[in-house]
Amino acid sequence: MMKRKQMVKITIDLLMTVLLLFLMAYSLAGEAIHEWIGIALFALFILHHILNRRWCRNLFRGQYTPIRACQTALVLLVFFCMIGSLTSGVLLSRYVFRLDIHSFSAVLQTVHMLCAYWGFVFLSLHLGMHWRVIMGMAGKLMKKSSKGCKGILRMTASLIAVYGAYAFIKRDFGNYMLLRYHFVFFDFEEPLVLFLLDYAAILGLFVCVGYYISVLFIRKKNR
Ligand code: HEM
């Protein structure tokens, strides 16, 4: 029974991550499709919170260690970015809702862009800080992994992080976060899969950063 719940949880987390990657590819994936994917992600986001409701219930209980404070702050940041992208997206919608709100569109576009890019980073860090739990669940589902297997996984993670840093620069990710551009530039000649792979590597980079931040916290605690 427990196994099935964990399987559902992990599948939903994986699906949300894949949908997020497609959302970042906005025009390249298709503008109307983008809106439907955004709505689907919102539905999964609600489901994710229902499945993790025990965490929400315990929010005001127990002691706050530095790592717990950091994880909770990140969850709140992801939450605000998600709500920000969704509300601004619905108000800007050109296909599904078509609200035609023109007066605030510049502000809404700015909110949408900031929430999308910062939300992507916060979510990746959030995944990284909970990586132990995710790997623990995956490990239980796939039976225990050997030492050699762990080494290969670590090596792969390092390669992804290095390539992710390169993709971060190549794709001007930082400039979008700092709002140096007001629109995302898409190269329509480029196959969608290459865009998705680069963004997946950037996600991987921040998962690694999040993971090592959590390791630092744990080491400090055990000292
Ligand atoms: C977590 C959810 C979402 C993420 C990460 C996301 C991400 C993005 C990104 C990266 C862009 C390109 C930014 C630009 O060029 O301005 C964009 C544009 C857009 N998105 Fe989303 N989006 C999300 C949800 C939604 C939803 C739910 C809708 C509508 C139902 C939506 C509607 C739009 C529209 C209309 C644009 C064009 C904005 C413009 O006029 O510049 N988005 N989104």
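The values are calculated or read from the model by the stated rules, or taken from the named source; none is laboratory data. The shown structure was predicted, so the numbers you read here are calculated from the model rather than taken from an experiment. Here the Cβ is made from the backbone with ideal geometry for all residues, glycine too, and neighbour counts use every protein chain on show.
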Based on what the data block shows, is Phe186 of a type in the set (Phe, Trp, Tyr), outside any helix (DSSP H, G or I) and touching a residue at least 24 places away in the same chain (Cβ under 8 Å)?
yes
Taking segment 191-200, which residues are crowded, with 19+ Cβ neighbours inside 10 Å and out of contact with any Leu (no Cβ under 9 Å at 6 or more places or on another chain)?
Asp198
So if I check each of Arg54, Arg98, which one is basic (Lys, Arg), over 30 Å from Leu192 (Cα atoms), at pLDDT below 90 and surrounded by fewer than 18 Cβ atoms within 10 Å (Cβ to Cβ)?
Arg54
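Looking at this structure, is Leu91 in a loop (DSSP other than H, G, I, E, B) and more than 7 Å from the ligand (Cβ to nearest atom)?
Criteria not met by Leu91.
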Does segment 158-174 contain at least one residue that is over 19 Å from Gly128 (Cβ atoms) and within 14 Å of the ligand (Cβ to nearest atom)?
yes
Go through segment 16-33 and give me each residue that's free of Cβ contacts under 8 Å to residues at least 60 places away in the same chain, more than 20 Å from Ile202 (Cα to Cα) and either near the ligand (Cβ under 9 Å from one of its atoms) or of a type in the set (A, V, I, L, M, F, W, C) (or both).
Ile33
So Leu76 clears everything in (1) in contact (Cβ under 8 Å) with a residue 24 or more places away in the chain; (2) more than 9 Å from the ligand (Cβ to nearest atom) except one condition, right? Which one?
(1)
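Conditions (1) among the hydrophobic types (A, V, I, L, M, F, W, C); (2) within 27 Å of His182 (Cβ to Cβ); (3) touching a helix residue (DSSP H, G or I) at 6+ places or on another chain (Cβ under 9 Å); (4) outside any helix (DSSP H, G or I), marked per residue:
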{"residue": "His49", "(1), (2), (3), (4)": "no, no, yes, no"}
{"residue": "Leu86", "(1), (2), (3), (4)": "yes, yes, yes, no"}
{"residue": "Thr110", "(1), (2), (3), (4)": "no, yes, yes, no"}
{"residue": "Leu114", "(1), (2), (3), (4)": "yes, yes, yes, no"}
{"residue": "Ile134", "(1), (2), (3), (4)": "yes, no, yes, no"}
Out of Lys5, Lys9, which single residue is in contact with a helix residue (DSSP H, G or I) (Cβ under 6 Å, 6 or more places away or on another chain), in a helix (DSSP H, G or I) and basic (Lys, Arg)?
Lys9
Restricting the search to segment 186-220, which residues are touching a Pro at 6+ places or on another chain (Cβ under 8 Å) and either of a type in the set (Lys, Arg) or over 13 Å from His130 (Cβ atoms) (or both)?
Lys220
Take Thr87 and decide whether it is within 28 Å of Phe185 (Cα to Cα) and among the hydroxyl-bearing types (Ser, Thr, Tyr).
yes
